[in-house]
Amino acid sequence: MTSIRHKKDAVLDATRDCVLAVGVRRTTLTDVARRAGVSRMTIYRRWPDVQTLVADLMTREWADVVARVAPPEDGSPVRPQAVAALVAGVAALRAHPLFHKILEVDPDVLLPYILERRGTSQDAMLRALEGTLRAGHRDGSVRKGHPARQARSVLLILQSFAMSGHIMTGDDPALSAAAFDEELRRILERYLTP
């Protein structure tokens with residue numbers, strides 16, 4: 001099991017390196033196999049094409065971002081911690097080298113997750129958000145509401161700030177990424193406050 005997991009991680013690491021070097025469109029399974037030190041057949045057994053491989057890579061990378069910014073469970077009110085974690089998560093995703101490269105070179109890779117269907121990462125985020133919102137409902141720090149609808153609304157807000165934020169920033173300090181992070185914090189606070 002450890003060997004299989006190690007091989008999967010090696011392939012995903014190699015995929016990340018390839019995408020960072022040349023983008024998604026120019027990455028081939030042959031290049032990934034060479035970088036990972038495995039045969040192409042090893043890759044084909046699990047991933048039929050580069051798109052599937054990149055989807056798994058994005059799931060791993062975005063899940064790592066979410067895990068690093070999850071609000072602590074220390075018994076204090078949920079809302080302030082959750083808002084801080086969500087704003088930090090958007091900033092971390094926006095700064096993530098893979099996310100940045102995909103937005104810069106191959107933004108169409110992300111379009112299905114905006115226009116057609118939810119991805120694995122989005123579903124995981126929705127589950128985490130629902131759990132957080134339910135905890136906020138229980139402690140009274142989050143306004144009562146349908147947790148799935150609230151979670152989906154929050155995710156829509158987060159996605160717009162993460163994916164389109166870079167086109168809204170400017171040289172003016174009032175239009176900096178940090179200024180927009182503060183706006184995001186205000187939006188989430190007002191939306192979630194009872």
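Laid out as a table, the results:
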{"read-out": "Some residue of segment 74-91 being in contact with a Pro (Cβ under 8 Å, 6 or more places away or on another chain) and either farther than 28 Å from Glu183 by Cβ or not assigned by TED's automatic domain parsing to the domain that holds Arg127 (or both)", "value": "no"}
{"read-out": "Segment 22-74 - residue that is closer than 25 Å to Ala124 by Cα and among the small types (Gly, Ala, Ser) and, of those, modelled with the highest pLDDT", "value": "Ala55"}
{"read-out": "Inter-residue pairs, beta-carbon under 6 Å, first touching a residue at least 40 places away in the same chain (Cβ under 8 Å) and in segment 160-173, second surrounded by 11 or more Cβ atoms within 10 Å (Cβ to Cβ), 6+ apart", "value": "Phe161/Val90; Phe161/Leu184; Ala162/Val90; Ala162/Leu93; Ala162/Arg94; Gly165/Arg94; Gly165/Phe180"}
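Conditions tested, residue by residue: (1) among the β-branched types (Val, Ile, Thr); (2) within 13 Å of the chain's Cα centre (by Cα).
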residue: Thr52; (1), (2): yes, no
residue: Trp62; (1), (2): no, yes
residue: Val65; (1), (2): yes, yes
residue: Gly75; (1), (2): no, no
residue: Gln81; (1), (2): no, no
residue: Val105; (1), (2): yes, no
residue: Leu110; (1), (2): no, yes
residue: Gly119; (1), (2): no, yes
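Here is a yes/no grid of residues against (1) free of Cβ contacts under 8 Å to residues at least 24 places away in the same chain; (2) touching a helix residue (DSSP H, G or I) at 6+ places or on another chain (Cβ under 8 Å); (3) buried (at least 17 other Cβ atoms within 10 Å of the Cβ):
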residue	(1), (2), (3)
Arg25	no, yes, no
Gly37	no, yes, no
Val50	no, yes, yes
Ala55	no, yes, yes
Val65	no, yes, yes
Val78	no, yes, yes
Gln81	yes, no, yes
Val105	no, no, no
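The values are calculated or read from the model by the stated rules, or taken from the named source; none is laboratory data. None of the values given here were measured: they were computed from a predicted structure. FYI the Cβ positions are ideal-geometry reconstructions off the backbone, even for glycines, and counts take in every protein chain you see.
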